[in-house]
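Beneath this line is the structure, given in structure tokens, with notes to follow.
The values are calculated or read from the model by the stated rules, or taken from the named source; none is laboratory data. Here the structure is a predicted model, which means the values were calculated and not measured. Virtual Cβ from ideal backbone geometry, glycine too; neighbours counted across all protein chains shown.
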């Protein structure tokens, strides 16, 4: 249920308030990563994407950690594309070696993060 709530809050509504950003950030820091639980990974991914869409800079560090985790979901790469921050570029470049979930998405994220300020 939290995964759908986070999806709705992060991607389905366009409202951007400090309370929404804080709720999304709490989903990132409170969901302990567990390789056995796809729902937790999905919740984190939706929260990362929601913050990235809103250009919230708190997403950068957890997103870098996620991109370098060795278990990278599509939502994390979507978040990198959405925020387009050059601090993500090195982590995205490393993904080219093995991440084959959506090569076009990865290339778009790399291009956007390479050219951002």
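On the given criteria, is residue 92 surrounded by 18 or more Cβ atoms within 10 Å (Cβ to Cβ) and at pLDDT 95 or above?
Details: surrounded by 18 or more Cβ atoms within 10 Å (Cβ to Cβ): yes; at pLDDT 95 or above: yes.
Criteria met by residue 92.
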(message) So, in the stretch 25-83, how many residues would count as being at pLDDT 85 or above and either closer than 21 Å to residue 110 by Cα or buried (at least 22 other Cβ atoms within 10 Å of the Cβ) (or both)?
(response) 40
(request) Return yes or no: is residue 87 in contact (Cβ under 8 Å) with a residue 12 or more places away in the chain, within 13 Å of residue 49 (Cα to Cα), surrounded by fewer than 21 Cβ atoms within 10 Å (Cβ to Cβ) and out of contact with any strand residue (DSSP E or B) (no Cβ under 9 Å at 6 or more places or on another chain)? (result) no
